[in-house]
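Notes follow once the structure below has been shown.
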Amino acid sequence: MQKEKSAATKRKIVSAAWKLFYDRGYDETTVDEILAASHTSKGSFYHYFEGKDSLLSSLSELFDEKYEELMRSIDPGMDSFDKLIYLNQELFDMIEKRVRVDLLARLLSSQLITRGERHLLDENRTYYRLLNRIAKEGQERGELKGEPAPEEIARLYALYERALMYDWCICYGNYSLREYAARAMPLMLGELRSEGKKQALIMGAHMSIAGGLAKTVADTAGIGANTMQIFSRNPRGSGYRDPSSEEEKNFRRIRREAFLGPVLAHAPYTMNLASAQEKVSEFARLVIREDVARMDRLGIELFVLHPGSHTGIGAEAGIENIIRGLNQAITGDERITILLETMSGKGTEIGARFEELKAIRDGVEHPEKIGICLDTCHVFAAGYDIVKDLDGVLAEFDRVLGLELLKAVHLNDSLMPFASHKDRHAVIGGGEIGEEALLAVLRHPRLCGLPFFLETPLDDAGHREEIRRLREKVRSIKS
Ligand code: FE
Ligand code: FE
Ligand code: ZN
């Protein structure tokens, strides 16, 4: 009882001191002010601490206090890997809100030369006990690999956290520690995950490039996405601006820092490779040449286009035009992969049948440059029943095209009914496909690891919520 009471007193001092350090600065805070703020006496203060300086190394106790709170509040049913990520997010959130960068830097550097029970590496800290417990439980439940031992997992985790804190200090806290860690920790810890649970869901939405690509990447991170789709140029007009080499370099850097998965550029809707009109098809070839070159310079991995509409000359002649156009536009030296999108078949659209996409790919001189983007709204409207028979549709795709050609998925619900050949996207769960069927797409083992792009009629805030909800539901499903 006495021990508990004294631990509480000490905790009161520690938390009052760190609040003052944060609000006013370390140098500006006096011991008397700490005493007043914590309602403790000089006697008890000096019982625990030699002076203000020795409070600096009490930061680990502040952390442990946070961990004790988390230990009580964490949902025991949460996946162990997610628990580790969650703990890190909560701790770093607290650091950003309550610890000044200069003091964190002082603590980290003082730890290089001090030893003792307040040391960060002390195995008896709540921190290590909690990490050990989660690692052990994760291995028992098969959520984490059986190797290495739980103690080693805890050690690695702590090591990564220190590395992130160190970098944040060395950059003077000029970025969000929590947001950076949200992307970095899953990558650093990913190897600990059991096979099958390992791959992080790559998900993004169609984003505006109106404010420049740097803003687009920032907006993408802001909506909790780890990839994005953009238009390769103004979707309706023909306008674009060549990025400077400075902008190119900048884009490559920021997308790396945002840990974006494969980025998808979408060709403008107005082009039509299938057209019999020379002017129309020439424009389409020009767009492909220019945009592919520009996207290649930016290091963008994927370029998706609608095959085209035959506008009355028949599917066969349309397909021939598409093949001729692609052959004229593609040299084979491109780095980007060009994706043909599965279409709903509205009007005279080509590409509503897998066989048509297959015929196009087989006809071109550089089939190795061509992949497929599957749009869930379009295939459903085209008459592939992904609601009742997703396995069957994927088997059909595999038989006709080969699933290895599938490089991206457009995840959309459909406002229009099955086989309607009408193309109207709906928000996930707000259409004829429904949330359950689209969740089944997201977690289908044969689609595992592909990037998923939302083209649902929502703004960034709406996509943020949609992504959050889908991630949560995918995670909560026990496989
Ligand atoms: Fe499209
Ligand atoms: Fe699409
Ligand atoms: Zn569409």
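Brief remarks on what is shown
- Of the residues making up region 376-418, just one is polar (S, T, N, Q) and within 18 Å of residue 445 (Cα to Cα), namely 376.
- Residue that is in contact with an Asp or Glu (Cβ under 7 Å, 6 or more places away or on another chain) and not acidic (Asp, Glu), where the choices are 306, 266: 306
- When restricted to residues that are more than 13 Å from residue 418 (Cβ to Cβ) and away from ligand 1 (no atom under 13 Å from the Cβ), region 353-387 contains 19.
- Subset of region 421-479 [hydroxyl-bearing (Ser, Thr, Tyr) and more than 20 Å from the chain's Cα centre (by Cα)]: 479
- Conditions (1) hydrophobic (A, V, I, L, M, F, W, C); (2) farther than 22 Å from residue 357 by Cβ; (3) within 16 Å of ligand 1 (Cβ to nearest atom): number failed by residue 411: (2)
- Candidates 458, 406, 439, 411, filtered to the one that is touching a strand residue (DSSP E or B) at 6+ places or on another chain (Cβ under 9 Å), at pLDDT 95 or above and away from ligand 3 (no atom under 16 Å from the Cβ): 406
- Count of residues meeting criterion [at pLDDT below 90 and in a loop (DSSP other than H, G, I, E, B)] in region 177-209: 8
- Within region 67-91, the set of residues being among the small types (Gly, Ala, Ser) and farther than 13 Å from residue 133 by Cα comprises 73, 77.
- Residue check for residue 434: more than 16 Å from residue 456 (Cβ to Cβ) and either in contact with a His (Cβ under 9 Å, 6 or more places away or on another chain) or modelled with pLDDT of 95 or more (or both): no
- Exactly one residue out of 279, 249 is part of a helix (DSSP H, G or I), within 30 Å of residue 178 (Cβ to Cβ), free of Cβ contacts under 8 Å to residues at least 60 places away in the same chain and away from ligand 1 (no atom under 16 Å from the Cβ), and it is 249.
- Helices (runs of 4 or more DSSP H) contained in region 356-473 and holding at least 3 residues without any contact (Cβ under 8 Å) to a residue 40 or more places away in the chain and surrounded by fewer than 21 Cβ atoms within 10 Å (Cβ to Cβ): 390-400, 435-442
The values are calculated or read from the model by the stated rules, or taken from the named source; none is laboratory data. Here the structure is a predicted model, which means the values were calculated and not measured. Glycine also receives a Cβ, built like all others from the backbone with ideal geometry; neighbour counts cover every protein chain displayed.
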